[in-house]
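> Structure below; questions to follow.
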Amino acid sequence: MKWVLIVAYAACVPLANWMIGNVGTCIPDGPCVIDVLPGYSAPSGVLIIGLALVLRDAIQMVFGWKWGLYAILIGSIVSYIFASPFIVTASVVSFLLSELCDFAVYTPLAKKRVITAIIASGVVGSIVDSASFLLIAFGSLNFIEGQIIGKIYAVIFATIIIKIIRKGLKYDV
């Protein structure tokens, strides 16, 4: 189970980077974008990165904070290896910053309220990832609203799934 979560988490990075260059409406010399709300677009890897934020929380929830940090290290290395040259720095730096911020918010909150911790850390991680990635990769904050909205969609969806699984596990004991 541990390795399945870690592989899924690490796979989010190259998948999101690939999507940015191949899925959606592609802007010349820019990212491919998708609509996340009417009037709001975001680089197309946005939903996958939102999922990554929650998967890291799940790794920490199931296997402890040390594995949460190991997962961040593994994800950063995968980001470096698989990111295209034009976004490698943005990918690695934004991934590392957002995941460490996610970790910092999730860790103290998870002791009392796991679902609140997942949502709060996902929101913080989404904002940090969006701002740092867009500034480093494209030199602007264009699409920041769409980036944050898209990542929060993924955080909410994954949180609902985690809540359902946790509720099911309590009844199976």
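> Would you mind stating whether ALA42 is under 26 Å from ASN142 (Cα atoms), crowded, with 24+ Cβ neighbours inside 10 Å and under 12 Å from the mean Cα position of the chain (by Cα)?
Judged against the criteria, ALA42 is not a match.
> Taking region 106-145 on its own, how many of its residues are assigned to a helix (DSSP H, G or I) and either over 14 Å from the mean Cα position of the chain (by Cα) or surrounded by fewer than 16 Cβ atoms within 10 Å (Cβ to Cβ) (or both)?
Residues flagged as assigned to a helix (DSSP H, G or I) and either over 14 Å from the mean Cα position of the chain (by Cα) or surrounded by fewer than 16 Cβ atoms within 10 Å (Cβ to Cβ) (or both) within region 106-145 amount to 15.
> Next up: Going through region 71-87 one residue at a time, which ones are in a helix (DSSP H, G or I) and crowded, with 16+ Cβ neighbours inside 10 Å?
Within region 71-87, ALA71, ILE72, ILE74, GLY75, SER76, VAL78, SER79, PHE82 meet the criteria.
> Considering only region 29-42, state which residues are modelled with pLDDT of 85 or more and not in a strand (DSSP E or B).
Selection gives PRO38, GLY39.
> Say we look at region 62-79 and pick out the residues that are free of Cβ contacts under 8 Å to residues at least 60 places away in the same chain and not hydroxyl-bearing (Ser, Thr, Tyr); which of these is nearest to PRO108 (Cα to Cα)?
So the residue we want is TRP65.
> What are the pairs, 6+ residues apart or on separate chains, where a residue within region 93-110 that is more than 20 Å from ALA131 (Cα to Cα) has its Cβ under 6 Å from a residue that is surrounded by 21 or more Cβ atoms within 10 Å (Cβ to Cβ) and modelled with pLDDT of 90 or more?
Within 6 Å, the pairs are LEU109/ALA117; ALA110/ALA117.
> Residue check: is GLY168 farther than 30 Å from GLY30 by Cα and either touching a Cys at 6+ places or on another chain (Cβ under 6 Å) or free of Cβ contacts under 8 Å to residues at least 12 places away in the same chain (or both)?
yes
> While we're here: For residues that are surrounded by 20 or more Cβ atoms within 10 Å (Cβ to Cβ) and not polar (S, T, N, Q), scanning just region 91-102, find the one that is modelled with the highest pLDDT.
Filtering region 91-102 down to residues surrounded by 20 or more Cβ atoms within 10 Å (Cβ to Cβ) leaves 91-92, 94-95, 98-99, 102.
Now narrow it down to the ones that are not polar (S, T, N, Q): 92, 95, 99, 102.
On the way: VAL92: 86, PHE95: 85, GLU99: 88, ASP102: 91.
The extreme case among them is ASP102.
> Could I ask something else about it? Can you name the number of the only condition in (1) in contact (Cβ under 8 Å) with a residue 60 or more places away in the chain; (2) under 25 Å from PHE138 (Cα atoms) that ALA58 fails?
With (1) in contact (Cβ under 8 Å) with a residue 60 or more places away in the chain; (2) under 25 Å from PHE138 (Cα atoms) applied to ALA58, the lone miss is (2).
> Would you be able to say whether some residue in region 30-43 is under 23 Å from LEU100 (Cα atoms), small (Gly, Ala, Ser) and without any contact (Cβ under 8 Å) to a residue 60 or more places away in the chain?
Of all residues in region 30-43, those under 23 Å from LEU100 (Cα atoms) come to 42-43.
With small (Gly, Ala, Ser) added as a condition, the list becomes 42.
Cutting the leftovers down to without any contact (Cβ under 8 Å) to a residue 60 or more places away in the chain gives us none.
Within region 30-43 (the criterion being under 23 Å from LEU100 (Cα atoms), small (Gly, Ala, Ser) and without any contact (Cβ under 8 Å) to a residue 60 or more places away in the chain), the answer is no, since none of the residues qualifies.
The values are calculated or read from the model by the stated rules, or taken from the named source; none is laboratory data. Source: prediction; values computed, not measured. Using ideal geometry, Cβ is built from the backbone for each residue, glycine included, and neighbour counts are taken over all protein chains shown.
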